[in-house]
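See structure below.
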Amino acid sequence: MQTDRNKIRILVVDDNQPARQLVKSTLALAGYTGITEATDGSKALEALQHRKFDLIICDWDMPGTSGIDVLRAVRADESLSATPFLMVTANQQREFVQAAIEAGVNDYVAKPYRLSTLNDKTIRLLGGK
C-alpha cells in the first residue's frame, strides 16, 4: 500500500500557510508523498491545467477564487469532473453545506477537525488507497 500512496497525487489548496502545512503533514504521515500545494483558488486552477490529480483538498474561504469556485470549475471541466473533491472549511451553516453538495463536492470537513477525520476521508475518497 505504501507504494500505491507514493503514486497518488493530491492537490492541497488553502491561502493559510499553517492550515496547508497541517493538511500536508497529515497526508505525509499517512504515506502520501505526491502532494502539490496551491496558495489560492486561481493557482489551483492553474495547477489543474498542467497536471492530473487523484484528489483535491480545498479550503472554502479564500480571497479571489474561493473553494466553491474551484469546485464548480472542476465539475464543469470534462477532463477534471470525476476528480474527488474534499472541501475543508469553518463554514458549518446548512446553506454552505448545501451549496457544496449542489456543486458536486464528494465530502466536507469542518474546521477544526481531527487529523484522523481528514485521514479517513482521504482514504475513502481515494478508494481505500
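At 0.36 nm per residue, minus the direct Cα-Cα distance, what do Ala76 and Thr33 gain on full extension? Give it in nm, one decimal, please. Intermediate results must be reported in sequence, preceding the final value.
Values: separation 43, 0.36 × 43 = 15.48 nm, distance 2.79 nm.
Separation in residues times 0.36 nm, less the Cα-Cα distance, equals 12.7 nm.
For the chain, with only Lys/Arg (+1) and Asp/Glu (-1) charged at the beta-carbon, what is the dipole magnitude about the Cα centre, in debye rounded to 20? Intermediate results must be reported in sequence, preceding the final value.
Numbers: 16 positive and 16 negative charges, 103 e Å.
It works out to roughly 500 debye.
Leaving ligands, DNA and RNA out of it, report the carbon-plus-sulfur percent of the accessible area of region 16-66 at a 1.4 Å probe.
Numbers: 1300 of 2460 Å².
Answer for region 16-66: carbon and sulfur cover 53 percent of the accessible area.
Positive end of the charge dipole of the chain (Lys, Arg +1 and Asp, Glu -1 on Cβ, about the Cα centre): tell me which of Ala82, Gly67, Ala30 has its Cα farthest that way.
The residue sitting farthest along the positive end of the dipole is Ala30.
Please compute the contact order of region 1-103 in relative form: average sequence separation of alpha-carbon pairs under 8 Å and at least six residues apart, divided by the residue count, as a percent.
Details: 150 pairs, mean separation 27.3, N = 103.
Contact order relative to length: 26 percent.
Give, as ranges by residue number, the residues of region 103-129 whose backbone N falls under 12 Å from the point 7 Å along Cα→Cβ of Asn6.
none
Can you bin the chain into rounded, prolate or oblate? Criterion: square roots of the alpha carbon gyration tensor eigenvalues sorted a ≥ b ≥ c, rounded for a/c under 1.5, prolate for a/b above b/c, oblate for the rest. Working shown, then result.
Values: a/c = 1.41, a/b = 1.20, b/c = 1.17.
Rounded.
Quick one: if you stick a label point 7 Å off each Cα along the C-beta vector at Gln92 and Gln49, how many nm between them?
Output for this residue pair reads 3.8 nm.
Rounded if a/c is under 1.5, else prolate if a/b is larger than b/c, else oblate: which is region 4-70, with a ≥ b ≥ c the root eigenvalues of its Cα gyration tensor? List each step's numbers first, then the result.
Numbers: a/c = 2.57, a/b = 1.39, b/c = 1.84.
Taking the square roots of the gyration eigenvalues as a ≥ b ≥ c, region 4-70 is oblate.
Place a point 7 Å from Cα of Ile123 in the direction of its Cβ. Which residues in region 1-44 have their backbone N less than 16 Å from it?
Once the point is set 7 Å along Cα→Cβ of Ile123, 1-6, 26-33 turn out to lie under 16 Å by backbone N, inside region 1-44.
The values are calculated or read from the model by the stated rules, or taken from the named source; none is laboratory data. Remember, it's a predicted structure, so these values are computed and weren't measured experimentally. Because the Cβ atoms are built from the backbone with ideal geometry, glycine has one as well, and the counts that use them run over all protein chains shown. The accessibility values were calculated without ligands, DNA or RNA, using every heavy atom of the protein model including side chains. Shrake-Rupley method; radii C 1.70, N 1.55, O 1.52, S 1.80 Å.
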